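Read the structure below first, then the notes.
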Amino acid sequence: MANLAHSTAVWVGLAYFVAAIPTGVLIARLRGVDLRKLGSGNIGATNAGRVLGAKLGVLVLVLDAIKAATPIWLASSSWALGDAAEFGLACVGLAAVVGHIFPVYLRFRGGKGVACALGVFLALDPPVALAAVLMYGQGVWLTRISAVGSLTAVTSITVCLWIADRPWPYQVLALATAVIIWVRHISNIRGMLADARARKRTAEPD
């Protein structure tokens, strides 16, 4: 147990520092721009897609997911399955999400964590992660708003894990991740509510 605890601490640290690598910023820098000063200023895939084009936006999405999933894949290959390992993997996953959102390399000003959350659950529970991708697509298709798709996706992960009675550490991780990502989207939510109120006022007869 002591060895597992020590190993968990190592993987948690590795997950944080790997996931903190600002892939969007680095790719934008190769194109000669600072992603933090363009568009919404966010370093994630959505803003990268707006600023750099769809192809590079998808590349940022894939790299952000991979950098979160890789430490979990590596850690899981070195641990025997069991409650302690599931708790350890959940800690590694949370460290990856936190690393992306609060990266030490950018003075703790990072992205919103959606792509990293996808990577985490792609490593922990691929069917649930793929269901979240479908929910994201549905949300964007219905509203044309990426934030709606993102919030729908992370919420669906929590619900799916609970319904499927997956290991409790994964359920707690999903809930914690969803809460963090919802908080990170507060400005988006306020903007959507303001737009809705504006449309309502416009639609009202004089």
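Points to keep in mind about this one:
- Candidates are the residues of the range 7-56 that are surrounded by fewer than 19 Cβ atoms within 10 Å (Cβ to Cβ) and in contact with a Pro (Cβ under 7 Å, 6 or more places away or on another chain); the one that is farthest from Ala90 (Cα to Cα) is Val18.
- When Thr46 is tested against (1) closer than 16 Å to Gly13 by Cβ; (2) modelled with pLDDT under 95, just one condition goes unmet, and that condition is (1).
- Residue, farthest from Val120 (Cα to Cα), within the range 40-87, restricted to residues that are polar (S, T, N, Q) and touching a residue at least 24 places away in the same chain (Cβ under 8 Å): Asn42
- Residue match in the range 146-154 (condition: within 17 Å of Gly111 (Cβ to Cβ) and either touching a strand residue (DSSP E or B) at 6+ places or on another chain (Cβ under 9 Å) or exposed (fewer than 14 other Cβ atoms within 10 Å of the Cβ) (or both)): no
- Complete set of residues in the range 114-156 that are outside any helix (DSSP H, G or I) and closer than 20 Å to Ser40 by Cα: Arg144, Ile145
- Criterion (crowded, with 24+ Cβ neighbours inside 10 Å, out of contact with any Cys (no Cβ under 9 Å at 6 or more places or on another chain) and within 13 Å of Thr8 (Cβ to Cβ)) met by exactly one of Ala85, Ala95, Ala115, Ala75: Ala95
- Only residues that are of a type in the set (Lys, Arg) and within 17 Å of Thr155 (Cβ to Cβ) were counted across the range 99-120, and they come to 1.
- Among the residues of the range 110-131, those identified as out of contact with any Lys or Arg (no Cβ under 6 Å at 6 or more places or on another chain) and touching a residue at least 60 places away in the same chain (Cβ under 8 Å) are Gly110, Gly111, Gly113, Val114, Ala115, Cys116, Ala117.
- The one condition in (1) part of a helix (DSSP H, G or I); (2) modelled with pLDDT under 95; (3) in contact with a helix residue (DSSP H, G or I) (Cβ under 6 Å, 6 or more places away or on another chain) that Ala15 fails to fulfil: (2)
- Note on the range 78-124: residues that are at positive phi and small (Gly, Ala, Ser) amount to 2.
- The range 99-128: number of residues that are of a type outside the set (Lys, Arg) and over 9 Å from the mean Cα position of the chain (by Cα): 16
- Of residues in the range 23-58 being of a type in the set (Gly, Ala, Ser) and part of a helix (DSSP H, G or I), the one nearest to Ala147 (Cα to Cα): Ala45
The values are calculated or read from the model by the stated rules, or taken from the named source; none is laboratory data. Just so it is clear, the model here is predicted, and its values are computed rather than measured. All Cβ positions, even for glycine, are placed from backbone atoms using ideal geometry, and neighbour counts span all protein chains on display.
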